[in-house]
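Asker: The structure's right below; bear with me while I get my questions together.
The values are calculated or read from the model by the stated rules, or taken from the named source; none is laboratory data. Since this is a predicted model, take the numbers as computed values, not measurements. Only protein heavy atoms, including side chains, enter the accessible area calculation; ligands, DNA and RNA are left aside. Shrake-Rupley method; radii C 1.70, N 1.55, O 1.52, S 1.80 Å.
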Amino acid sequence: MSITTTTHLNFRGEARSALGFYQSVFGGRMTIATYGDFGMPADLPGSENVVFGQVEAADGFRVMAYDIPGKPSAAAETASSTRRENGLTITDQPFFVSVRGETLDEVRGYWDELAVGASILEPLAASAWSAGFGMLTDSFGVTWILDVATAQPES
């Protein structure tokens, strides 16, 4: 028996754009199904929005996305706040997306692409625990942590 965990991101009309961006960064195959594909009349607002979306790459990267139906609430329109202070992460977000690579060059390639239009919270650099660690919030409001895997001592 095996299990796979996949990050599922929720958007308000931006899922298609976000998935296209993530595919441009990580490669792989994008799959999108709209509310219209599942029977919503085409003349209804939101029928072109994503009810199921995914990017899956051969190297193991996988992310899913969805457009929440309806109009954004006032709470949803308020951007979440994530920042770094004195080496600590202060946030109101319930999760971040973590991408771990084997080499600094590999991670830097992803970083450079994700950083376009992003807010850099912690620049990609060597840290006490990794040859490379960085944190950013992309233009879709998703916070990413990228780092280089290190050998773990056996317990």
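Asker: Excluding ligands, DNA and RNA, what is the solvent-accessible area per residue of the chain at a probe of 1.4 Å, expressed in Å²?
Answerer: I get 61 Å² per residue for this part.
Asker: With all protein chains present, how much of the accessible area of the chain (probe radius 1.4 Å) comes from carbon and sulfur, to the nearest whole percent?
Answerer: Ligands and nucleic acids excluded, carbon and sulfur give 53 percent.
Asker: How much mean residue ellipticity at 222 nm does the chain get from its helices, if each DSSP H run of length 4 or more adds -39500 (n - 2.57) and you divide by all residues, to the nearest 500 deg cm²/dmol?
Answerer: Using -39500 (n - 2.57) per qualifying helix, the result is -5000 deg cm²/dmol.
Asker: Roll a 1.4 Å probe over the protein heavy atoms and report the accessible area of residue 16 in Å², nearest 10.
Answerer: 110 Å²
Asker: For residue 129 and residue 43 in one chain, what is 0.36 nm times their gap in residues minus the Cα-Cα distance, to one decimal in nm?
Answerer: Answer, rounded to one decimal: 25.6 nm.
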